[in-house]
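In what follows, a single structure is set out as C-alpha cells and then discussed.
Nothing in this text is a laboratory measurement; each read-out follows from the coordinates by a stated rule. From a predicted model like this one, the values you see are computed outputs, not experimental measurements. Backbone-built Cβ (ideal geometry, glycine too); neighbour counts: all protein chains shown.
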2 protein chains.
Amino acid sequence: MEKVTEKIVAGIITIGDELLIGQVVDTNSAWMAQELNKIGVWVQHRVAVGDAWADIWDALQQEEQRSQIILITGGLGPTADDITKPLLNEYFGGKMVVDEGALANVRHIFERVLQRPMIERNLAQAEVPDVCTVILNKRGTAPGMWFEKDGRIFISMPGVPHEMKGMMTDYILPALQEHFKLPFIAHRTLLTAGIGESFLAEHIKAFETALPPYIKLAYLPNYGMVRLRLTIRGEEQSSLNKELQQQFDHLKQLVAEWMVIDEDLSLHEAVGKMLKQRGRTVGTAESCTGGYIAHLLTSIAGSSAYFKGGVVSYANEVKQNLLQVDAATLSEAGAVSEETVRQMAQHILPLVDTDYAIAVSGIMGPDGGSPEKPVGTVWIAVGNRQKIEAQKFSFRFDRQRNIELTATNALNLLRKFILSDS
Amino acid sequence: MEKVTEKIVAGIITIGDELLIGQVVDTNSAWMAQELNKIGVWVQHRVAVGDAWADIWDALQQEEQRSQIILITGGLGPTADDITKPLLNEYFGGKMVVDEGALANVRHIFERVLQRPMIERNLAQAEVPDVCTVILNKRGTAPGMWFEKDGRIFISMPGVPHEMKGMMTDYILPALQEHFKLPFIAHRTLLTAGIGESFLAEHIKAFETALPPYIKLAYLPNYGMVRLRLTIRGEEQSSLNKELQQQFDHLKQLVAEWMVIDEDLSLHEAVGKMLKQRGRTVGTAESCTGGYIAHLLTSIAGSSAYFKGGVVSYANEVKQNLLQVDAATLSEAGAVSEETVRQMAQHILPLVDTDYAIAVSGIMGPDGGSPEKPVGTVWIAVGNRQKIEAQKFSFRFDRQRNIELTATNALNLLRKFILSDS
C-alpha cells in the first residue's frame with residue numbers, strides 16, 4: 001500500500017436565503033459530513049450564504065484557501081433567485097452549453113416520472129458550464145457539476161436532500177475515493193442514558209487523559225442521553241482497528257452501568273434490535289406523546305417484525321372506550337396518574353396482542369398544568385402480561401422537549417424491563 | 001422617529017466537532033436567524049467550525065470583518081473539548097473571574113432542579129472573562145457572555161437548544177433592539193400544494209418581474225408543497241406594511257387554486273386551525289405512517305381541541321381486530337388497497353368518536369414492494385360518517401420521504417374534504 005501523505009480537508013458551502021432567514025433547517029450538511037467522514041475526508045468548515053452573487057463568490061474564494069474538496073449545495077433551481085450555475089460558470093471561466101445527457105434526463109423525468117408537460121425554464125436546467133463534468137441527477141432535473149482547479153475539486157449539487165444524497169452515493173463519494181489517497185479513519189460510538197455529561201466526564205477522566213493523540217473522545221449529549229465517540233485516524237488500518245477496539249472495550253467497562261448499546265444507534269433503534277433478536281413484539285398506548293413513540297419505532301425499516309400497533313388515546317373518552325381505563329380512575333386519580341398508565345399498558349397488550357407494552361400520560365405544556373401536576377409531569381408504564389412497572393417523571397420547559405424526553409424515558413424503561421425479563 | 005441609516009448584519013458561528021462530523025443537525029442556526037430577522041437584523045453568513053483553537057479564532061476574525069453582531073453557540077460545556085470560554089477570554093484580552101450570579105445559578109440548578117451533588121468542573125462553569133457582561137442561563141449551568149469591541153457585539157451561548165432559546169428570548173433580542181437602530185422588515189408567507197416550483201414560477205413570472213427592488217419573492221419547496229414568501233425592507237413601517245399587503249393580496253389571487261393557507265404555517269397547523277375554527281374533530285387510522293400523522297397533529301399546543309385519538313394498525317391482525325377490517329378484504333384486495341383504507345376510515349370514526357377520519361396504508365420501503373404494488377404505493381382515505389373519499393398515490397425513493405409525503409398528502413386531502421364539507 002502506498003503511503004498516505006496528506007490529510008484531505010473538505011469545506012461545505014450551502015446556498016440559499018431560506019437558510020439565512022431560518023425557514024429551512026440545514027440537514028444536508030450533517031449528512032454530507034457523515035458520509036465524507038466515513039471515507040476519511042475531514043470536514044473542517046461549513047458555511048451558509050444567501051442568494052447573493054458577492055457572498056457566494058467570496059465563500060468560494062475563501063473555501064479554496066482552506067480545502068481540497070469544496071461541496072456546494074443549493075441555488076440550482078429553475079427560478080430567478082437561483083444563481084449558482086451562472087456564477088460557477090463565470091468563476092471557472094466557462095461558457096454555457098446544453099448537455100445532452102442532462103437534457104435527456106430532464107425529458108425523462110417530465111415524461112415518465114412527473115407525467116406533465118415541460119416548459120422553457122425546465123429545459124434551461126440542462127445547460128451547464130463547458131468546463132465541468134456533469135453528474136447525472138436520477139431524482140430531479142438539476143444536474144450536478146464537478147469542477148477541478150489547481151488540484152482542488154469543486155462539486156455543485158441541488159439542495160433537495162434526496163437528490164443530493166443520490167448523487168453523493170452513486171457518484172461523488174466513489175469518485176473522491178478514486179481521486180485522493182485518503183487516510184484511514186474509524187469511529188466507535190456507544191450510547192448512555194441516566195448520567196449527566198459532567199458526571200460522565202469525571203468518571204472517565206483518567207481514561208480520557210491517557211488516550212494517545214491520534215484517538216479523540218467526544219461527548220454528544222441529546223435529550224437525557226449522552227453518546228460517547230472514539231475516533232482514530234492514521235495509516236495502518238489493521239493495527240489502528242485493533243487499538244481502537246481495545247480502547248473501546250475499556251471505555252465500555254467504565255460506563256457499563258449506564259450503557260444502552262455499544263453501537264452508533266439511537267435508543268429506538270437499540271430497542272428495536274433487542275426485540276428483534278429476542279423475537280418479541282411491542283405495542284403502544286400513548287396519550288401525551290400523541291403517536292410519537294410509535295412513529296420512532298416505525299421509522300426504522302423492518303420494524304414490522306417487532307412493532308404491531310398501538311392506540312393514541314389523546315382524549316379521556318378514548319382512554320375509557322378504546323383502552324378500557326376505569327371511568328372512576330380517570331375521575332379520581334386523573335388521566336395523568338400511575339393507575340391510568342398501568343391500566344393503559346395492561347389493556348393494550350391483548351388489544352394488539354404483543355409481548356410488551358409501553359403506556360404514557362402526561363402534561364406537555366404550555367397549558368394544562370396545575371399546582372399538583374405542573375407542566376412536565378409524566379407517568380410511564382412498561383411491562384408484559386405478568387408484570388407492569390410504572391414511574392413518574394418531572395420534566396420542564398417546552399412541549400417539543402417534553403415529548404422527546406417522554407419518548408426517550410419510556411423506551412429506556414422498556415429496554416431495562418426487557419433486560420430484566422430475559 | 002429617527003432615521004435608520006444602516007443595515008445591521010449578523011453572523012452566526014457554531015462550534016463543535018459534532019457539527020462537522022455530522023452527528024448533530026444544527027437546528028439552532030435556523031431558529032436564531034428567524035428571530036433576528038423578525039427584529040430587522042439580517043443574517044448574512046453562518047459558519048460551523050470544530051473544537052479547534054485556530055479555526056474558532058479564525059472564524060471570529062473573519063466574522064468581525066463582515067458583521068456588527070456575531071452570535072456564537074457551543075463549546076461551553078464542562079468537558080475538555082469545550083474551549084470556547086478560554087478562547088474568548090484571550091481574544092478579548094480578559095482574565096477569568098468567578099461570577100457570583102453565575103455561581104449562584106449553578107448551585108441553584110444542582111440543588112433544586114437536578115437534585116444531585118455538584119463537582120469541581122461544574123463550579124468552573126461560573127468562571128467568566130472579566131471583560132464580558134454575563135447573561136443568566138435559567139435552564140442550565142453555562143452562562144452566556146456579551147462582549148463589545150470596536151462597535152461590534154459578540155455573544156456566546158451554550159449549544160443546548162432550549163438554553164440558547166431562553167437566553168435569546170429573555171435577554172439578547174431585547175438588548176439588541178435597544179442597542180441598534182434597526183430597519184423595518186416584514187414577511188408574508190403562503191403555502192401551496194399540488195403544483196411544482198417551476199410551474200408556479202412560470203405562473204407568477206409577470207408578478208415577480210414587476211416587484212420593486214425592496215420586495216423580494218422566495219420559493220421554499222418541501223415535500224410536495226411550495227411556500228411563497230414576500231419580504232419587504234425599509235424605513236416607513238406603515239406605508240411598507242400597506243404595500244406588502246397589496247402585493248400579498250395580488251399574489252394570493254394568482255395562486256388561489258393551489259393555496260393551502262395565507263400564513264406561515266405548516267400543513268398540519270393549517271388543518272388544526274381549520275378544525276378548531278369549525279369546532280370539529282379528527283381521528284387517525286395509520287398503517288404505513290406508524291403514528292406520524294397523529295404526532296404531527298399533536299405536536300401543536302392546544303391540539304386536544306380537535307384531535308381525540310387514533311389507532312396505529314401496523315400489523316394486519318390489528319387492522320382486523322381493532323379496526324374491524326374484513327379478513328376477506330385483507331386477503332383478497334390486500335392491506336394496501338382502496339377497500340382497506342375505506343374500512344379503516346369508516347371504522348375509526350365511531351371508535352374515537354370524531355367528525356372526520358384519516359386512514360393510510362402503503363409500502364414505505366425499502367422492502368415489501370412487489371411488481372403490482374411497488375415501494376411508494378399508498379392508499380389514503382379521508383371522510384366523515386356520510387362520505388369517504390379514497391385516493392392512490394405512487395411515491396418513490398426512501399422510507400423517511402415516503403412517510404413524510406404520505407402524511408402531507410393525507411392532511412391535504414382532509415383539508416380539501418373539510419372545505420367541500422363546510
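For chain A, the alpha-carbon coordinates run over 77, 59, 41 Å along the three principal axes, in decreasing order. Within region B:1-107, the trypsin sites (Lys or Arg not before Pro) that combine a DSSP coil assignment with at most 10 other C-beta atoms in a 10 angstrom radius are B:3, B:95. Summary of the geometry: region A:203-242 and region B:145-198, compared by the centres of their Cα atoms, lie 35 Å apart.
Residue-wise HN-Hα couplings along region A:163-173, as the Karplus relation 6.51 cos²θ - 1.76 cosθ + 1.60 with θ = phi - 60° gives them from phi, are 5, 4, 5, x, 4, 4, 5, 6, 10, 5, 4 Hz; Gly and Pro carry x. Centroid-to-centroid, using Cα positions, region B:310-352 and region A:6-68 are 47 Å apart.
Shielding of peptide A:24-33 by partners, expressed as the average count of other chain Cβ atoms within 10 Å per residue Cβ, is 5. The alpha carbon radius of gyration of region A:108-200, expressed as a multiple of 2.2 N^0.38 Å, is 1.60.
Per residue of chain B, what 222 nm ellipticity follows from adding -39500 (n - 2.57) for every DSSP H run with n ≥ 4, rounded to the nearest 500?
One gets -11000 deg cm²/dmol as the mean residue ellipticity at 222 nm.
Sorted largest first, the principal axis extents computed over the alpha-carbon atoms of region A:9-179 equal 43, 33, 33 Å.
Counting, for every residue in B:315-322, the Cβ atoms of other protein chains within 10 Å of its Cβ and taking the mean gives 5. Relative contact order of region A:267-421, taken over Cα pairs closer than 8 Å and 6 or more residues apart, is 23 percent. Among beta bridges identified by DSSP and lying wholly in the protein assembly as shown, the antiparallel ones come to about 65 percent.
Three principal axis extents describe the C-alpha atoms of region B:328-375; from largest down they are 37, 23, 12 Å.
Loop sites here are GluC sites (Glu not before Pro) outside DSSP states H, G, I, E and B with no more than 15 other Cβ atoms within 10 Å. The longest part of chain A free of them is A:7-234. Counting only residues at least eight positions apart within a chain, or on another chain, the aspartates and glutamates with an alpha carbon under 18 Å from that of residue B:373 are B:332, B:338, B:339, B:398. Using the Stokes-Einstein relation with a Kirkwood hydrodynamic radius computed over Cα pairs, the translational diffusion coefficient of region A:86-159 at 37 °C and a viscosity of 0.692 mPa s comes to 258 µm²/s. Region A:97-134 and region A:377-422 have Cα centres spaced 52 Å apart. Peptide A:44-52 has a mean shielding of 6, counted as Cβ atoms of other protein chains within 10 Å of each residue's Cβ.
Normalised by the number of residues in chain A, the average gap of Cα pairs under 8 Å and 6 or more apart makes the relative contact order 10 percent. The residue list B:27, B:89, B:284 was ranked by how far each Cα lies along the charge dipole of chain B toward its positive end, using unit charges on Cβ atoms, and B:284 comes out on top.
One equal scatterer on each Cα of region A:194-294, no solvent, Debye formula: the resulting log10 I(q)/I(0) at q = 0.11, 0.13, 0.23 Å⁻¹ is -0.46, -0.61, -1.28. Think of the axis that spins chain A onto B; the A residue whose C-beta lies nearest it, and the distance in whole Å, is A:291, 2.
In nm², what is the average projected area of the convex hull enclosing the Cα atoms of the protein assembly as shown?
Convex hull of Cα atoms, orientation-averaged projection: 36.4 nm².
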